[in-house]
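As structure tokens, the structure follows; a few thoughts come after it.
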């Protein structure tokens, strides 16, 4: 599972339409407990961890289990 971090500051000055986001492949990080705090380069707020599934939602079985 990839680790994705997003900026949740509603007053962030990121120029994109969506919030600032950075994603790391699961093989590049030992585990989520060994990641330093990440900060938005635009507003300096701490980024929040969001879980990104390895499969797309439309490919999940009907009971939403992997």
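Here's the yes/no breakdown for (1) more than 12 Å from the chain's Cα centre (by Cα); (2) outside any helix (DSSP H, G or I); (3) on the phi > 0 side of the Ramachandran plot; (4) modelled with pLDDT of 75 or more:
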| residue | (1), (2), (3), (4) |
| --- | --- |
| 22 | no, yes, no, yes |
| 27 | yes, no, no, yes |
| 36 | yes, yes, no, yes |
| 41 | yes, yes, no, yes |
| 51 | no, yes, no, no |
| 55 | yes, yes, no, no |
Report summary line: residue 64 vs (1) at pLDDT 80 or above; (2) exposed (fewer than 10 other Cβ atoms within 10 Å of the Cβ): all pass except (1)
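The values are calculated or read from the model by the stated rules, or taken from the named source; none is laboratory data. A quick note: this is a predicted structure, and the numbers were derived from the prediction, not measured. Cβ: placed from backbone, ideal geometry, glycine included. Neighbour counts: every protein chain shown.
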